[in-house]
There are 6 protein chains.
Amino acid sequence: MNEVILKNNNLVMKRLWNLDTNTYDEGALDKRTKEMLGLVSSMVLRCDDCIKYHLGKCHELGITTAEVYEVFSVANIVGGTIVIPHTRRAAEYWEALMGEAAEQ
Amino acid sequence: MNEVILKNNNLVMKRLWNLDTNTYDEGALDKRTKEMLGLVSSMVLRCDDCIKYHLGKCHELGITTAEVYEVFSVANIVGGTIVIPHTRRAAEYWEALMGEAAEQ
Amino acid sequence: MNEVILKNNNLVMKRLWNLDTNTYDEGALDKRTKEMLGLVSSMVLRCDDCIKYHLGKCHELGITTAEVYEVFSVANIVGGTIVIPHTRRAAEYWEALMGEAAEQ
Amino acid sequence: MNEVILKNNNLVMKRLWNLDTNTYDEGALDKRTKEMLGLVSSMVLRCDDCIKYHLGKCHELGITTAEVYEVFSVANIVGGTIVIPHTRRAAEYWEALMGEAAEQ
Amino acid sequence: MNEVILKNNNLVMKRLWNLDTNTYDEGALDKRTKEMLGLVSSMVLRCDDCIKYHLGKCHELGITTAEVYEVFSVANIVGGTIVIPHTRRAAEYWEALMGEAAEQ
Amino acid sequence: MNEVILKNNNLVMKRLWNLDTNTYDEGALDKRTKEMLGLVSSMVLRCDDCIKYHLGKCHELGITTAEVYEVFSVANIVGGTIVIPHTRRAAEYWEALMGEAAEQ
């Protein structure tokens, strides 16, 4: 799907995506912290695709289940019970990521 | 799915869920009013799962179709036409709840 | 301020405002319930001016402090802690409305 | 689905829908501009059904792919990367609309 | 205030701001249309500072009062009555911009 | 102001506030990380009072200016340019906090 957008060659879109990648690079804060920041933002804004993306990155970086659940708890307190359905789907996806890792 | 979250035993999440249940208990306002407050909030925040949950509760409490549609109208006026797709799904779900009840 | 908008005579804006008034008319639901629906929607969407408007109407309709606080509690649970600053301002405004009424 | 809502004959809902139609009529601004305004609003508010509706209208009015992508870019800059998943689905839908037109 | 942010020399912030400027450059769509897209997005997302910024640009580009009010009407229909307080402030600001221009 | 709400003794509100405090306690994640999670969430949800609260906590915990600006950059990329006015106010407030500390 990205290809559909990229082939249309819109400069603003391309630059925004590059910038998005740069944002999560190691800096004053490490990548782990930055991915958790991306995750909690995606949760309070209730974007399931964004949540999945950051959960995948958190998993790659070795963030633990206990840590992920504390990110979930901040998101639910700040954003309220409307975040619950997204938390359910997030927990399910995290479970799947951990399951795949355990099988390997 | 709740079990996935609950088994991870995050205290903040558990307490938030208990508190969520307490919020809709009979008090100065009756349960009917509180469920309608939960419904309209879920609609303007555009959370389909939350809408379904509160529609189910409204149905159990004997709220009528005319009353539910007045909740819909407040949600659409306050939240604008972006609430319309959620209202469509809500109306369809309510229709199903009424249909099941009629069959019994 | 309304006059500035109205003198420009935009038909859509005028009709939307008329419709807004109709929405809170007595119907299958009474005015009290409808104003509480308007209040809770304004709170979760975090619109201070809208909150004040509906608090004024709630006050006129004799809604009690205990009832208003139950509306606040639904708004805070559904919308999360970002609703707290708006709840503080709402509580302060309600206090002022009750104080004025007590003085008369 | 609209029939389910309409048969319940809620006056506020009916009038809101009529008003919605009027809003996009030719006026001081032409229809093309208005549909692009509807599209960008739907994108920043992240309503997929609304996005599809306005993309369909944009297509009927002969708005070009380059123009649509500039609307996408405004939506992504103003609304941030949480708009990206909706932009992906929008680009895919636009591609389909253009494909159908090419086949005719 | 911008200086406070800029002196801290955060690369992502700087690039985002450059990109923001590029977004509204003449392209497949003219500047007028793009500023109206920026305005309507700011209105439905209810950002008063952003609304003022785009109103200023619209004024510079010679957009008429009738055109601005049609942007307002799209914003109010899509975003609902919670957009009204922002529309009031927008109309007041536009009035001031037109007044200053008339005096010159 | 809190006293106004607390004296009215609404149980849900009291518990939510206690829970809010618990959420940011040291756990699997340290307090520093949790306060940054609270900050970024407040920024993307555009709640100035919440942003100030978390900036104060970040300052107490010795988070550096470079770190705070990386939180700002995540918030701006995820939430878009509508976060900019809030970032301006946040940067100004942070500057004041650092200034007071330097004077002591």
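Tally time: how many residues in region D:1-20 are under 29 Å from D:Val83 (Cα atoms) and either out of contact with any helix residue (DSSP H, G or I) (no Cβ under 9 Å at 6 or more places or on another chain) or open to solvent by less than 10 Å² (accessible area, probe 1.4 Å) (or both)?
Count: 3.
Identify all residues within region E:27-52 that are under 14 Å from F:His86 (Cα atoms) and among the small types (Gly, Ala, Ser); write none if there are none.
E:Ser42
Can you find a residue in region A:71-81 that is touching a residue at least 24 places away in the same chain (Cβ under 8 Å), more than 8 Å from every other protein chain (Cβ to nearest Cβ) and small (Gly, Ala, Ser)?
Checked region A:71-81: no residue is touching a residue at least 24 places away in the same chain (Cβ under 8 Å), more than 8 Å from every other protein chain (Cβ to nearest Cβ) and small (Gly, Ala, Ser).
Against the definition (at pLDDT 95 or above, more than 30 Å from D:Val68 (Cα to Cα) and in contact with a Cys (Cβ under 6 Å, 6 or more places away or on another chain)), how does A:Glu60 come out, yes or no?
Working: at pLDDT 95 or above: yes; more than 30 Å from D:Val68 (Cα to Cα): yes; in contact with a Cys (Cβ under 6 Å, 6 or more places away or on another chain): no.
The answer is no for A:Glu60.
Looking at (1) modelled with pLDDT under 95; (2) assigned to a helix (DSSP H, G or I), which one does A:Lys52 not meet, given that it meets all the others?
Looking at each condition in turn, A:Lys52 falls short on (1).
Those residues that are within 11 Å of chain B (Cβ to nearest Cβ) and of a type in the set (Val, Ile, Thr), I need them from region C:36-58; list them, please.
C:Val40, C:Val44
Of the numbered conditions (1) more than 30 Å from E:Leu37 (Cβ to Cβ); (2) under 14 Å from the mean Cα position of the chain (by Cα), F:Ala66 satisfies every one except a single condition; which is it?
(2)
Could you check B:Leu97 against (1) farther than 21 Å from C:Glu26 by Cα; (2) within 14 Å of chain E (Cβ to nearest Cβ); (3) not charged (D, E, K, R) and say which number it fails?
(2)
In the set F:Val83, F:Val68, which member is of a type in the set (Val, Ile, Thr), part of a helix (DSSP H, G or I) and more than 25 Å from C:Leu45 (Cα to Cα)?
It is F:Val68.
Given the criteria of a type in the set (Gly, Ala, Ser) and crowded, with 16+ Cβ neighbours inside 10 Å, does D:Gly38 qualify?
yes
Select from region C:69-82 the residues that are among the aliphatic types (A, V, I, L, M) and buried (at least 24 other Cβ atoms within 10 Å of the Cβ) and list them in ascending order.
C:Val71, C:Val74, C:Ala75, C:Ile77, C:Val78
Go through region E:87-98 and give me each residue that's open to solvent by 20 Å² or more (accessible area, probe 1.4 Å) and in contact (Cβ under 8 Å) with a residue 12 or more places away in the chain.
Result: E:Arg89, E:Tyr93, E:Leu97, E:Met98.
Only one of A:Thr23, A:Thr33, A:Thr64 is within 11 Å of chain F (Cβ to nearest Cβ) and open to solvent by 50 Å² or more (accessible area, probe 1.4 Å). Can you tell me which?
Among A:Thr23, A:Thr33, A:Thr64, only A:Thr64 is within 11 Å of chain F (Cβ to nearest Cβ) and open to solvent by 50 Å² or more (accessible area, probe 1.4 Å).
Open to solvent by 10 Å² or more (accessible area, probe 1.4 Å), in contact (Cβ under 8 Å) with a residue 40 or more places away in the chain and on the phi < 0 side of the Ramachandran plot: is that true of A:Gly56 in this structure?
Yes: the conditions hold for A:Gly56.
(1) under 25 Å from F:Ala75 (Cα atoms); (2) within 14 Å of chain B (Cβ to nearest Cβ); (3) not hydrophobic (A, V, I, L, M, F, W, C): which one isn't true of E:Pro85, the others all being true?
Looking at each condition in turn, E:Pro85 falls short on (1).
Within region D:2-25, can one find any residue that is under 27 Å from E:Ala66 (Cβ atoms) and of a type in the set (Val, Ile, Thr)?
Here is the first cut: in region D:2-25, the ones under 27 Å from E:Ala66 (Cβ atoms) are D:15-25.
Remaining after also requiring of a type in the set (Val, Ile, Thr): D:21, D:23.
Yes.
The values are calculated or read from the model by the stated rules, or taken from the named source; none is laboratory data. This is a predicted model, so every value here is computed, not measured. Note that we place each Cβ from the backbone using ideal geometry, even for glycine, and neighbour counts take in every protein chain shown. Accessible surface areas use protein heavy atoms only, side chains included; no ligands, DNA or RNA. Shrake-Rupley method; radii C 1.70, N 1.55, O 1.52, S 1.80 Å.
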